[in-house]
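Visitor: Structure below; questions to follow.
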Amino acid sequence: MRLSPLPTVMLEPLVRASLLEDLGRAGDLTTDAIVPQEYQAGTVLVARQSGVVAGLDLAMLAFHLIDPDVEISVERADGCNVVDGEIIASVVGPARAILTAERTALNFLCHLSGIATATASIVAAVRGYGAKIVCTRKTTPGLRAVEKYAVRAGGGSNHRFGLDDAILIKDNHIALAGGVRPALERARRAAGHLVKIEVEVDTLAQLEEVLGFAPDAVLLDNMSLPDLRRAVAIVGGRAITEASGGITSHTARAVAATGVDLISIGRLIHSAPVLDIGLDHRAHDCLSNEQDLVNCPLRSSTVR
């Protein structure tokens, strides 16, 4: 299935804010002092380790917001697997713009590709079972939409985007409401006809009580594998079953084997290591001669 990109109107505020944070009050002092305004540069985004690409639209937007004359040709789109040394995209245009936008572009691309790669690893681990891998609301403030997009790029699925997506009744809600019954009754009265209701349980006894109120989904939190198997049998298809609680790439397959419908994992986003991607610039002595760019050797660039 083709990955649907996020609209530019959603991405631009994020990229613009990141560029403004980097440019500060005086702009790129280093580049403006060293690189003549008329210089052109040919560069490539290169994977320095294997993984899954995500975030190219944000990276491209970073270059274009600095200078719309920067031209980008994508070789490996979001959702594609790459190996060490593989070219992801070429970036050609005004040298100043490329150098100024480079770190912002790579920050987004490396971070989101890391999430996509971590997700793909766990999706592969549960292949053959029916369980979907889903993320949570444990996201970086301000970046939730793009981080959840990266999960989709890695083959995962999204849980609710925010508190307004669905009703998820957790243990604290139940305690403050005075029990499962009043919590669910109040939720039913307040929910619109399109709003789903999920309830968190951590024991089989709680599960049996909750099922009496016909929730749309049950969140089976920190249950042992035997209890998860028993919980799936108890539910018997009457609700969506979701397992959560410290699940990793090493334990996900065993959890999927219990028959749960969803496996939610916060570490897909909050603990995913970045994917190492670099922007390789062509030799400095070619920058002033646009005709010679194609024949110039590459040199590795790391911008801190």
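Visitor: Express in whole angstrom the spacing between the alpha-carbon centres of segment 242-285 and segment 186-209.
Guide: Centre-to-centre (Cα) distance: 28 Å.
Visitor: If packing is taken as the mean number of other Cβ atoms within 10 Å per residue, what is the order of 260-269, 165-174, highest first?
Guide: 260-269, 165-174
Visitor: Roughly what angle does helix 56-66 make with the longest principal axis of the chain, taking Cα atoms, 0 to 90 degrees, to the nearest 10?
Guide: Once rounded, one gets 40 degrees.
Visitor: Using DSSP to define loop residues, name the trypsin sites (Lys or Arg not before Pro) in segment 1-110 whose beta-carbon has at most 12 other beta-carbon atoms within 10 Å.
Guide: Hits after loop and neighbour filter: Arg2, Arg25.
Visitor: Between [x] 75, 39, 29; [y] 60, 49, 34; [z] 52, 45, 33, which entry matches Cα extents along the principal axes in Å as derived from the coordinates of this structure?
Guide: [x]
Visitor: Taking 8 Å as the Cα distance limit and 6 or more residues as the minimum spacing, I'd like the relative contact order of the chain as a percentage.
Guide: Across the chain, relative contact order equals 22 percent.
Visitor: Along the charge dipole of the chain, Cβ charges K/R +1 and D/E -1, which of Ala95, Thr30, Gly55 sits furthest on the positive end?
Guide: Gly55
Visitor: Give me the dipole magnitude in Debye, nearest 20, for the chain about the Cα centre, with unit charges on the beta carbon: positive for Lys and Arg, negative for Asp and Glu.
Guide: Roughly 1220 debye for the chain.
Visitor: Here's something else I'd like to know. Quick check: pseudo-label points 7 Å beyond the Cα along Cα→Cβ at Ser50 and Ala17, how many nm apart are they?
Guide: 3.6
Visitor: Return one number: the angle in degrees, 0 to 90 and rounded to the nearest 10, between the long axis of the Cα atoms of helix 95-125 and the longest principal axis of the Cα atoms of the chain.
Guide: 30
Visitor: Could you order Leu14, Leu211 so the one with the most accessible surface comes first? Probe is 1.4 Å. Let's see the in-between values first.
Guide: On the way: Leu14 40, Leu211 20 Å².
Solvent-accessible surface, decreasing: Leu14, Leu211.
Visitor: Any chance you could look up the accessible area of Leu58 with a 1.4 Å probe, heavy atoms only, rounded to 10 Å²?
Guide: My reading of the accessible area for Leu58 is about 0 Å².
Visitor: Where both residues lie in the chain, what percent of DSSP beta bridges are antiparallel, nearest 5?
Guide: Working: 20 of 39 bridges.
Taking every DSSP beta bridge with both residues in the chain, the antiparallel ones total about 50 percent.
Visitor: Ala254 to Arg229: extension gain in nm, 0.36 nm per residue of separation minus the Cα-Cα distance? Write down the numbers at each step before the final one.
Guide: On the way: separation 25, 0.36 × 25 = 9.00 nm, distance 1.05 nm.
Value of the extension gain: 8.0 nm.
Visitor: Per residue, how much accessible surface does the chain expose to a 1.4 Å probe? Answer in Å², no decimals.
Guide: Numbers: 15290 Å² over 304 residues.
So the chain comes to 50 Å² accessible per residue, rounded to a whole number.
Visitor: Which values, in whole Å and largest first, are the semi-axes of the equivalent ellipsoid of segment 1-90 obtained as the square root of 5 times each eigenvalue of the Cα gyration tensor?
Guide: Details: eigenvalues 132, 65, 27 Å².
With the √(5λ) rule applied to segment 1-90, the semi-axes are 26, 18, 12 Å.
Visitor: Give the residues of segment 5-47 whose amide nitrogen is closer than 12 Å to a point set 7 Å from the Cα of Ser73 in the direction of its Cβ.
Guide: 43-44
Visitor: Still on this structure, I have one more. Below 13 angstrom from the Cβ of Asp227, what's the summed charge of the other residues (Lys, Arg +1; Asp, Glu -1)?
Guide: Here the charged neighbours net out to -1.
Visitor: I'd like to know which of Ala145, Ala166, Tyr129 lies farthest towards the positive end of the charge dipole of segment 127-198, counting +1 on Cβ of Lys and Arg and -1 on Cβ of Asp and Glu.
Guide: Sorting the options by dipole projection puts first Tyr129.
Visitor: Can you order the peptides 81-94, 110-123 by their average number of other Cβ atoms within 10 Å per residue, highest first?
Guide: With the highest mean Cβ count within 10 Å placed first, the list reads 110-123, 81-94.
The values are calculated or read from the model by the stated rules, or taken from the named source; none is laboratory data. Note that this is a predicted model, so its numbers are computed, not measured. When we count neighbours, we look across all protein chains shown, and the Cβ atoms used for this are built from the backbone with ideal geometry, even at glycine. Areas reflect the complete protein model, heavy atoms only, side chains present, ligands, DNA and RNA absent. Shrake-Rupley method; radii C 1.70, N 1.55, O 1.52, S 1.80 Å.
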